[in-house]
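Peer 1: Shown below is the structure under consideration.
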Amino acid sequence: MPAGQIHGRESFISNISSRLGRKGPAAHEPEHPFRGAPQFYKDIQRSTEEKITLFSEVWTGLTGKVLVVEEAEAKEKIGAWLQEVAKELNVTQVSRWEHEGLKALGLDEALAEAGIGVVPWLPIETEASAAEPAVEGGSNWAKRSELLRRTERCQLGIVWPDYAIANTSTLVLQCSAERGRSVSLLTDILFAVFRADQLVTRMGEAFARITEGKADAASYASSLNLITGPSRSADIENDLTIGIHGPGKVYAVIIK
């Protein structure tokens, strides 16, 4: 059977139609006069200040914390806030994306002052790991890469989102070799830093920018993470648990 061909489609649809009490499949596909968000919603335009305010209100409503800083004061204030958060939550190890914006803020130095180690998301090549023989059997932990094992020991992850969506307070993270998704998923605490001009009003704007100019699947990031507040999960009885599938505490810094 050639790949990509559908066989038995007509009989399958006819069987469903008969079970629904219909004479047969519809002769024409149903019309879809509306696609995506309604036009009045697309037409909403917000200023940068309005987007900052909206994002902050929703983010704090989700129990996250926000710091808005002027660019001239960003390095000092963000470093001080990060030290404060780390001290309050007993952080000893931090993982961060290898991002020029984060490095320019001198966050590694601020953390070092507080005696906190930093694990950049970069391949780790050491003589010890190179000489280490391949693991046969053993635990899954032992089989993981050295970088992943170090990241799993970190309590806080620092990322620089590609975009932030104001009306849902969502961080949009495209992963790459220097921006591992594990930094935002394995740690207990997420610390996100981005510029005010990266804020968009609605989800569709972020998706439009992500897909712009991309002709095929190979052009896209290996994964796209949408983070809206702390990780939440509930069982069938609706008992809510925070921090099971990702960070339970989230912090956002907006640089104006």
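Peer 1: To the nearest 20 debye, what is the magnitude of the charge dipole of the stretch 53-255 about its Cα centre, counting +1 on the Cβ of each Lys and Arg and -1 on the Cβ of each Asp and Glu?
Peer 2: Once rounded to the nearest 20, the dipole reads 260 debye.
Peer 1: Then there's this: Apply 1/(1 + (r/R0)^6) to the Cβ-Cβ distance of L122 and F34, taking R0 = 35 Å, and write down the FRET efficiency to the nearest 0.05.
Peer 2: After rounding, the FRET efficiency stands at 0.15.
Peer 1: Along the positive direction of the dipole of the chain (beta-carbon charges: Lys, Arg +1; Asp, Glu -1; about the Cα centre), which of S95, S14, S184 reaches farthest?
Peer 2: Going by the charge dipole, the pick is S14.
Peer 1: Checking the cross-link filter: which aspartates and glutamates have an alpha carbon closer than 17 Å to that of K214, excluding same-chain neighbours under 8 positions apart?
Peer 2: Straight-distance partners of K214: D162, E205.
Peer 1: Moving to a separate point now. What nm distance separates the two modelled labels at H245 and T53, each placed 7 Å from Cα along Cα→Cβ?
Peer 2: A separation of 3.4 nm, rounded to one decimal place.
Peer 1: For V68 and I44, compute 0.36 nm times the residue count separating them, minus their Cα-Cα distance, and round to one decimal in nm.
Peer 2: Length difference between fully extended and current span is 6.3 nm.
Peer 1: Then there is this: Does the stretch 53-255 come out rounded, prolate or oblate by the C-alpha gyration tensor, with a ≥ b ≥ c the root eigenvalues, rounded set by a/c under 1.5 and, if not, prolate when a/b is larger than b/c and oblate if not?
Peer 2: Rounded, because the longest to shortest axis ratio a/c is under 1.5.
Peer 1: Of K65/K87; K51/K249; K65/K249; K65/K103, which pairs sit farther than 19 Å apart, going by alpha carbon to alpha carbon?
Peer 2: Going by Cα-Cα distance, K51/K249; K65/K103 fall outside the 19 Å limit.
Peer 1: Same structure, new question: Semi-axes, largest first, in whole Å: what does sqrt of 5 times each Cα gyration tensor eigenvalue give for the stretch 162-256?
Peer 2: 24, 16, 14
Peer 1: For a protection proxy built on the mean count of beta-carbon atoms within 10 angstrom, sort 212-220, 198-206 highest first, please.
Peer 2: Descending mean neighbour count gives 198-206, 212-220.
Computed from the coordinates by the stated procedures, all read-outs in this text should not be read as laboratory data. Quantities reported herein were computed from a predicted structural model and do not represent experimental measurements. As a convention, Cβ positions derive from the backbone with ideal geometry for all residues, glycine included, and neighbour counts pool all protein chains shown.
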